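The values are calculated or read from the model by the stated rules, or taken from the named source; none is laboratory data. What you see is a predicted model; the values in this text were computed from it and never measured. Note that each Cβ is placed from the backbone with ideal geometry, even for glycine, and that neighbours are counted across all protein chains shown. We work out accessible area using only protein heavy atoms, side chains counted, and drop any ligands, DNA or RNA first. Shrake-Rupley method; radii C 1.70, N 1.55, O 1.52, S 1.80 Å.
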Amino acid sequence: MNFLDSFIVISLIAVLNIIVFIIFKKYLYGKENAGMRFVLLNISKDIVWLVISLLVIEKNKANFLFIIICFIVASVTIYTPVIKQINKS
């Protein structure tokens, strides 16, 4: 995998996570079923990210492992603050 492909995959997930978190804070936080709506929004974001990432990179085992690791790290980084926010309310 070349550097540009990995940079695109990481940048895309970072930008999408920031957008989803902003949408959560502005429109979903404090509403009824905020957690479930966030999960639906986040799953949609993950599907879009996965499709774009698979179009960008070559299909081999190393790249697949890289996408899995990026997905796990991105999920932990977005779910942790959202769960903390929901638990505060």
Search the range 53-68 for residues that are within 13 Å of residue 7 (Cβ to Cβ) and open to solvent by less than 70 Å² (accessible area, probe 1.4 Å) and pair each with any residue that is of a type in the set (Gly, Ala, Ser) and assigned to a helix (DSSP H, G or I) when their beta-carbon atoms are under 7 Å apart and the residues are at least 6 apart or on different chains.
66/6
Among the numbered criteria (1) open to solvent by less than 80 Å² (accessible area, probe 1.4 Å); (2) in contact with a helix residue (DSSP H, G or I) (Cβ under 7 Å, 6 or more places away or on another chain), which one does residue 39 miss?
(2)
Tally time: how many residues in the range 69-83 are open to solvent by less than 60 Å² (accessible area, probe 1.4 Å) and closer than 16 Å to residue 15 by Cβ?
4
Please name all residue pairs, on different chains or six or more residues apart, with Cβ atoms under 7 Å, provided the first residue is in the range 27-52 and is farther than 20 Å from residue 13 by Cβ and in contact (Cβ under 8 Å) with a residue 12 or more places away in the chain and the second residue is small (Gly, Ala, Ser) and open to solvent by 30 Å² or more (accessible area, probe 1.4 Å).
30/89
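Table: residues versus (1) assigned to a helix (DSSP H, G or I); (2) within 15 Å of the chain's Cα centre (by Cα).
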| position | (1), (2) |
| --- | --- |
| 8 | yes, yes |
| 23 | yes, yes |
| 51 | yes, yes |
| 59 | no, no |
| 62 | yes, no |
| 72 | yes, yes |
